[in-house]
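Here the structure comes first, spelled out in structure tokens, and everything after it is commentary.
The values are calculated or read from the model by the stated rules, or taken from the named source; none is laboratory data. This structure is a prediction, so every number in the text was calculated from the model and none was measured. Note that we place each Cβ from the backbone using ideal geometry, even for glycine, and neighbour counts take in every protein chain shown.
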Amino acid sequence: MTAISKRPRGRSSRPSAAHLVFAGLISFSLCWQPVRANAQALRFIRDAEIEDLLADYARPIFKAAGLGSQRVKVRIIEDHNFNAFVLDGHNVFINTGALEEAVTPNAIIGVLAHETGHIAGGHMAALRARVAQDSSMALLMQILGVGALVIGAAGQGTRSTAAGIGQSVLSATPDVAMRSILSYRRVQESSADQAGVRFLTATHQSAKGMLVTFRKFADEELLAGINASPYVSSHPMARERIAQLEEISRQSPYFDTADPPELQLRHDLMRAKLVGFLESPQIVFNRYPQSDNSLPARYARSIASFNSGGLEGALPIIDGLIKERPENPYFWEQKADFLSKRGKHAEAATALRKALSLDHDQIVMQSELAQELLGTQDKRSLPEVVKLLSHALDADPTPDAYRQIATAYFGLGNEGDADLASAQASSLEGHPKEAKGFAKRAQAILPKGSQGWLKADDIINIQEPQAQ
């Protein structure tokens, strides 16, 4: 993608649907360290265009849910499966597979409304408590099962009967706990459905997209097996639940409201961009043939042309798009991406400045401009790099941005600030020992008691989790 932050893939496996459900449930109950550890296997995409579009989809929904003042972000995961989920009250995660598969904006907006229902309903905290409760119940049943086995071993005539009872209790424990938790999950899912419809109605939007999506997965659940979509596993679909969702969806006066044409175009451009980057050029050219002269088709072909042949084939296409839509900042940004990947950092910076003139506060593009300025190796640009990245870090602290600003500080001779930024990057990446090392170096340089010194002290004094 234009700006992509990827993490290594974990080993792929094909767990059962029940295993996927239970893994998803347990993730709600973990503290931040294990959640971050799980995230290491995910591939996160940072892209200005897609993030802006999803923010526009989510903003009115979050406001209707009473979350407008909270910093809730939509995060994008590179994964071909149709999936979306929440792990806390601050992030909604959505897969590229969902974005590619959803034909209309309303389908994605409906999914976001449903996931927002989980956040607004405090479902993560409630589920955490319920999992803990059912885990205690499972442990009690295991103790009872072991007790029955002991009785069977010590007794005479009742030995085989008692042992059989004990073994049955032990073998049934996971199923009992799972059924209890899944039953609770179905209640939460139905509650999130109803909340999502309320949020959509409050924002004068249709719930048809959510209904169509969930009806599709309800049908898929009938064929569920090891290849079932994770969305089926993490969002159990009961036929009565879908019937209830259809009933309340159709009661909305906005059920037949269509997406505005310009919003549909932005959605189509997003899908074309994802296909361009995530599929092979041949697949792109087959899906968007030369006979298709639409903006999305040319957009996808520009990316595929770059991936297959470089700048020579891509620049004329993207320049044609810019000529047709000069006010579109993302076409300028895409041109900058092509130039950057061929080492033309100064030209890329020029294109990004144009993009930012059209979208002043776009954080991802600010970080990209800082990266291109660093790429020029012109020390005169370092103060601007620090300014750009400081603003970006205030809005969305990321390890990459901290490492870039560390490079700029080092170039300016501010080694204390450079070490502090490196410490913050390492801390976010989950490397506490490395973070403490950089923080100690920063403290040795920064004035004692200064804001930077205190930040370094906080990192040094973070308690590492004890091994269980």
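Worth pointing out:
- Residue check for D400: in contact with a helix residue (DSSP H, G or I) (Cβ under 9 Å, 6 or more places away or on another chain), at pLDDT below 95 and surrounded by fewer than 18 Cβ atoms within 10 Å (Cβ to Cβ): yes
- Tallying residues that are in a helix (DSSP H, G or I) and buried (at least 19 other Cβ atoms within 10 Å of the Cβ) within region 318-344 yields 14.
- Flag for S191 being modelled with pLDDT under 90, assigned to a helix (DSSP H, G or I) and of a type in the set (S, T, N, Q): no
- Cβ separations smaller than 7 Å between residues 6+ apart or across chains give the following pairs from region 92-104 residues that are in a helix (DSSP H, G or I) to residues that are aromatic (F, W, Y) and buried (at least 22 other Cβ atoms within 10 Å of the Cβ): G97/F82; A98/F82; E101/F82.
- The residue that is farthest from N95 (Cα to Cα), counting only those in region 266-300 that are of a type in the set (A, V, I, L, M) and either surrounded by fewer than 16 Cβ atoms within 10 Å (Cβ to Cβ) or touching a residue at least 40 places away in the same chain (Cβ under 8 Å) (or both), is I283.
- Some residue of region 59-74 being among the charged types (D, E, K, R), closer than 27 Å to E262 by Cβ, surrounded by fewer than 19 Cβ atoms within 10 Å (Cβ to Cβ) and modelled with pLDDT of 95 or more: yes
- Any hit, region 404-420, residues being touching a strand residue (DSSP E or B) at 6+ places or on another chain (Cβ under 7 Å) and either farther than 23 Å from L339 by Cα or crowded, with 19+ Cβ neighbours inside 10 Å (or both): no
- Entirely in region 372-449, the helices (runs of 4 or more DSSP H) that have 3 or more residues that are on the phi < 0 side of the Ramachandran plot and in contact with a His (Cβ under 6 Å, 6 or more places away or on another chain): none
- Single condition G343 does not satisfy, out of (1) small (G, A, S); (2) touching a Leu at 6+ places or on another chain (Cβ under 9 Å); (3) under 28 Å from F306 (Cα atoms): (2)
- Unique residue being under 27 Å from the mean Cα position of the chain (by Cα), at pLDDT 95 or above and farther than 20 Å from A444 by Cα when the list is L428, L382, L369, L374: L369
- Any hit, region 352-361, residues being surrounded by fewer than 23 Cβ atoms within 10 Å (Cβ to Cβ), farther than 25 Å from G309 by Cα and within 22 Å of the chain's Cα centre (by Cα): yes
- Count of residues meeting criterion [touching a Leu at 6+ places or on another chain (Cβ under 7 Å) and within 20 Å of Y402 (Cβ to Cβ)] in region 353-376: 8
- Any pair with Cβ under 6 angstrom, 6 or more apart, that starts in region 327-355 at a residue that is over 19 Å from L295 (Cβ atoms) and ends at one that is among the polar types (S, T, N, Q) and at pLDDT 95 or above: H345/T376; A346/T376; A348/S340
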